[in-house]
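Each value in this text was obtained by applying a stated rule to the coordinates, not by laboratory testing. From a predicted model like this one, the values you see are computed outputs, not experimental measurements. Positions of Cβ are backbone-derived with ideal geometry, glycine not excepted, and every protein chain shown enters the neighbour counts.
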Amino acid sequence: MEQKEFIQAHVGILTISDTRNLETDKSGQLLVAALEAAGHVVTERLVVKDDDFLINTGIAKLKSQSDCVISNGGTGIAVRDVTFEALWDQVEQEIPGFGELFRMLSYEEIGTRAMLSRAFAGFTHDNVLLFVVPGSTNACNLAINKLIIPELPHFLAERRK
């Protein structure tokens, strides 16, 4: 098997929550620790409330300094969950397999409740890789360790061809 060159990603973390802050955001902390352990650089971590304007302001700030942004939180179907609607318009090219695999692996852990997740990934209009995942630590752990970190350098290499 051909050895691939490691590409270090510069990643912004956006936590979307009405109840957490930087100190209490365990999911954001987990994402940072996993990315740094894998050799990537976390450019900044923000926590914003579940509000269209605040989400878009946060994502714009992170995209300006990152080649990848991971948002966590607000991907469910509650009335306050507007993350999908706020971020979907950012996507120019969807990576449908990410959401499909995320829900499949989640199903193995939590059963049919996995269908409530609106996790997705894609490249934005300005060529930033965007992952949108639920805010629970279990969901973030699954996404970062089973899906994102194993393929992150490959995603970036493919886009740079």
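So which trypsin sites (Lys or Arg not before Pro) in segment 1-104 are both in a DSSP loop and have at most 10 other Cβ atoms within 10 Å of their Cβ? Mind showing how you got there, number by number?
On the way: sites: 4, 20, 26, 45, 49, 61, 63, 80, 103; in loops: 4, 20, 49, 80.
Here the trypsin sites (Lys or Arg not before Pro) that fit, given the DSSP loop and packing criteria, are 4.
What percent of all Cα-Cα pairs in the chain falls in each 10 Å bin, counting up from 0?
Values per bin, smallest distances first: 11, 44, 37, 7, 1.
Once the Cα gyration tensor of segment 78-126 is diagonalised, what are the square roots of 5 times its eigenvalues, in whole Å and ordered largest first, as equivalent ellipsoid semi-axes?
22, 15, 5
What is the gain in length, in nm to one decimal, between residue 57 and residue 112 on full extension, counting 0.36 nm per residue of separation less the C-alpha to C-alpha distance?
Going from the current span to full extension adds 16.5 nm.
Taking the Cα centroid of segment 1-80 and of segment 101-149, what is the distance between the two, rounded to the nearest whole Å?
12 Å
Report the full-extension gain for the segment residue 94 to residue 24: residue separation times 0.36 nm, less the Cα-Cα distance, to one decimal in nm.
Numbers: separation 70, 0.36 × 70 = 25.20 nm, distance 3.11 nm.
Gain on extension, residue 94 to residue 24, equals 22.1 nm.
Looking at segment 1-77, I'd like the Rg to Rh ratio, where Rg is from alpha-carbon atoms and Rh is Kirkwood's inverse mean 1/r. The partial results should precede the final answer.
On the way: Rg = 13.6 Å, Rh = 13.1 Å.
Across segment 1-77, the Cα-based Rg/Rh ratio is 1.04.
I need the phi-derived Karplus couplings for segment 43-60: 6.51 cos²θ - 1.76 cosθ + 1.60, θ = phi - 60°, integer Hz, Gly and Pro marked x.
Rounded to whole hertz, the list is 6, 6, 10, 10, 10, 10, 6, 6, 9, 3, 4, 5, 4, 5, 5, x, 5, 4.
Mind checking which of 58, 99, 39 has the largest fluctuation in a GNM of the chain, springs on alpha carbons under 10 Å?
39
Please give the FRET efficiency for residue 6 paired with residue 77, using the beta carbon to beta carbon distance and R0 = 41 Å, rounded to the nearest 0.05. If you can, show how the numbers build up before the last one.
On the way: r = 38 Å, r/R0 = 0.92.
Efficiency at R0 = 41 Å is approximately 0.60.
Quickly rank 30-36, 134-140 as a protection proxy: mean count of other C-beta atoms within 10 Å, highest first. Walk me through the intermediate numbers first.
Numbers: 30-36: 18.4, 134-140: 20.6.
Put in order of decreasing packing, that is 134-140, 30-36.
Using the crude model of +1 on Lys and Arg Cβ and -1 on Asp and Glu Cβ, and no other charge, please compute the dipole size for the chain relative to its Cα centre, in debye to 20.
Rounded to the nearest 20 debye, it is 180 debye.
Counting DSSP beta bridges in the chain, what percent are antiparallel, to the nearest 5?
30 percent
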